[in-house]
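A.B. asks: Mind having a look at this structure? Questions to follow.
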Protein chains: 2
Amino acid sequence: MAKEKIIDKGAAIRQAALTMIVDEGLHGLSMQRLAAKAGVSPGTIYLYFENRLDMLHQLYLEVRQRSDQAMLDGFSATMDFAAGLRVLWHNTFRYFVAHPIEFRFTEQFINSPLVAAVLDQEDPNARQQRRDFYARAIQNEQIADLPVEVYWAIAFAPLYQFIRFALEGSLHLPGDFQQLESKLEITLTRVIKALQK
Amino acid sequence: MAKEKIIDKGAAIRQAALTMIVDEGLHGLSMQRLAAKAGVSPGTIYLYFENRLDMLHQLYLEVRQRSDQAMLDGFSATMDFAAGLRVLWHNTFRYFVAHPIEFRFTEQFINSPLVAAVLDQEDPNARQQRRDFYARAIQNEQIADLPVEVYWAIAFAPLYQFIRFALEGSLHLPGDFQQLESKLEITLTRVIKALQK
DNA sequence: TAAAAATGAATGAACGTTCATTCATTTGAT
DNA sequence: ATCAAATGAATGAACGTTCATTCATTTTTA
């Protein structure tokens, strides 16, 4: 009943584009070489995307949507602060360790001027959930009443730096993932301490 | 005795290149448009740089050298941990708030695959000083005996995130810089708390 | 006036994008 | 059940432009 192999050209293009960007940079993505790598003709790309810039925007929004979704798995803004932050941290860490190409693509994109064009198109639900969580934690006196930039810089920047380390390192060695998760836990514990009243 | 105006073409090229990259991305830097913007002919660029890639590498290493120098101003690895970290944070913050283009260029570059080619050419003295400072702080029990990734993620990631916020925000408004420095100080205090034994 | 610095026209390769064309599949009339 | 008509996904050659780079020539400096 099921087809033996459905060749989804749109998916092939997306996949090839991400790895090309990660390997060669945003400037290294040429439409003709992308077509060759995706096993598709140049014209085909333009059936799926309006143009090169539109493709980059779409790629980012899709990748970002998926990681935002993964981050919120099992999370609720009404959770106890330490428990909620732990969920956010572990979800994010696991998702990006499993999807390193998406992590590096995201980092390249958000550090390029391209990001300005899509900032307002990011998932508003994810954003709102994180906001509510922060507001509630202050209200319940689970964390100090810190300015939002201070809160954000302490609560999340170490997480992303830690993921960067994890992806640079020797993740292929056995046992490394567990060791990393335990170091992540140490980091998280101290971050929570830093935010408390 | 001094010339009225010394036109340093090398400096004009470097300056124009940085702003072009910040405004249009690494892929937006074309040699011909760069020449036009720097008020120089295309061939002139090749008197100062071997080729486009060499220029990007040199730009990064020079920018990085200057920010590393600024960061270490008045710092010594033998300082008390809290005092030393405060010097590093404020130096870095002030330098990049005064040089936003260099900050954004650096962020773009280190998040691109180009960084791999120059990682081993970064200032080894700056690196060693930071290492010594970390080792001493543990030895003197001024901070907990944390894995280096944990230490680094907590001690510096919030600083760079905070600079990112500062550069996005309305720095041109009067009084904003002082307000930012006081928020930086709040962040630093909590980071130090997170690292202590 | 000799040397050094700078020029800018020229080059071929590569770029993003277009579009006339193909053809396997789906539709609908019989 | 048959088959002509219609569809639209996919192609890839071709377009005009822009790319990084070169080098014979001119300008500036000392």
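A.B. asks: Which residues, taken from the stretch B:34-73, are open to solvent by 30 Å² or more (accessible area, probe 1.4 Å) and under 17 Å from B:Phe96 (Cα atoms)?
C.D. replies: B:Leu61, B:Glu62, B:Arg64, B:Gln65, B:Arg66, B:Gln69, B:Asp73
A.B. asks: Hey, another quick one. Counting only residues that are farther than 17 Å from B:Tyr60 by Cβ and near DNA strand C (Cβ under 9 Å from one of its atoms), how many does the stretch B:4-19 have?
C.D. replies: Looking only at that region, the number is 3.
A.B. asks: So B:Thr92 passes all but one of these: (1) more than 14 Å from chain A (Cβ to nearest Cβ); (2) modelled with pLDDT of 95 or more; (3) under 15 Å from the mean Cα position of the chain (by Cα). Which condition number does it fail?
C.D. replies: (1)
A.B. asks: Examine the stretch B:124-145 for a residue that is within 13 Å of chain A (Cβ to nearest Cβ) and of a type outside the set (Asp, Glu), and state whether such a residue exists.
C.D. replies: Start the filter on the stretch B:124-145 by keeping residues that are within 13 Å of chain A (Cβ to nearest Cβ), which leaves B:143-145.
Right, trim to of a type outside the set (Asp, Glu) and you get B:143-144.
Yes, the stretch B:124-145 contains at least one residue that is within 13 Å of chain A (Cβ to nearest Cβ) and of a type outside the set (Asp, Glu).
A.B. asks: Ok, one more. Could you name every one of the helices (runs of 4 or more DSSP H) located completely within the stretch A:1-94 that has at least 1 residues being under 19 Å from A:Val115 (Cβ atoms)?
C.D. replies: Ranges flagged: A:9-24, A:52-71.
A.B. asks: Another question about this same structure. (1) under 10 Å from the mean Cα position of the chain (by Cα); (2) within 16 Å of DNA strand C (Cβ to nearest atom); (3) of a type outside the set (Gly, Ala, Ser): which one isn't true of B:Arg64, the others all being true?
C.D. replies: Single failed check for B:Arg64: (2).
A.B. asks: With within 14 Å of chain B (Cβ to nearest Cβ) and closer than 28 Å to B:Leu56 by Cβ as the only criterion, which of A:Val22, A:Val63, A:Val97 stands out?
C.D. replies: A:Val22
Quick grid of which residues meet (1) within 13 Å of chain B (Cβ to nearest Cβ); (2) in contact (Cβ under 8 Å) with a residue 12 or more places away in the chain; (3) in contact with a Lys or Arg (Cβ under 8 Å, 6 or more places away or on another chain):
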position: A:Glu149; (1), (2), (3): yes, no, yes
position: A:Gln161; (1), (2), (3): yes, no, no
position: A:Ala166; (1), (2), (3): yes, yes, no
position: A:Leu173; (1), (2), (3): no, no, no
position: A:Gln179; (1), (2), (3): yes, no, no
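A.B. asks: While we're on this one: Inside the stretch B:27-47, can you point out the residues that are more than 10 Å from DNA strand D (Cβ to nearest atom) and either assigned by TED's automatic domain parsing to the domain that holds B:Phe105 or among the hydrophobic types (A, V, I, L, M, F, W, C) (or both)?
C.D. replies: Scanning the stretch B:27-47 gives B:Ala38, B:Val40.
Okay, residues lined up against (1) farther than 23 Å from B:Ala144 by Cα; (2) in contact with a Phe, Trp or Tyr (Cβ under 9 Å, 6 or more places away or on another chain):
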{"site": "A:Thr106", "(1), (2)": "yes, yes"}
{"site": "A:Gln129", "(1), (2)": "yes, yes"}
{"site": "A:Asn140", "(1), (2)": "yes, yes"}
{"site": "A:Pro147", "(1), (2)": "yes, no"}
{"site": "A:Phe156", "(1), (2)": "no, yes"}
{"site": "A:Tyr160", "(1), (2)": "no, yes"}
{"site": "A:Asp176", "(1), (2)": "no, no"}
{"site": "A:Thr189", "(1), (2)": "no, no"}
{"site": "A:Leu195", "(1), (2)": "no, yes"}
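A.B. asks: Within the stretch A:100-123, can you find the residues that are polar (S, T, N, Q) and within 14 Å of chain B (Cβ to nearest Cβ)?
C.D. replies: Scanning the stretch A:100-123 gives A:Thr106, A:Gln108, A:Asn111, A:Ser112.
A.B. asks: Another question, if that's okay. Would you check which residues across the stretch B:49-68 are farther than 19 Å from B:Ala155 by Cα and either touching a residue at least 40 places away in the same chain (Cβ under 8 Å) or of a type in the set (A, V, I, L, M, F, W, C) (or both) and list them?
C.D. replies: Residues satisfying the conditions are B:Phe49, B:Leu53, B:Met55, B:Leu56, B:His57, B:Leu59, B:Tyr60, B:Leu61, B:Glu62, B:Val63, B:Arg64, B:Gln65.
The values are calculated or read from the model by the stated rules, or taken from the named source; none is laboratory data. None of these values were measured; they are calculated from a predicted model. Glycine gets a Cβ as well: all are built from the backbone with ideal geometry, and neighbour counts include every protein chain shown. Surface accessibility is based on the protein's heavy atoms, side chains included, excluding ligands, DNA and RNA. Shrake-Rupley method; radii C 1.70, N 1.55, O 1.52, S 1.80 Å.
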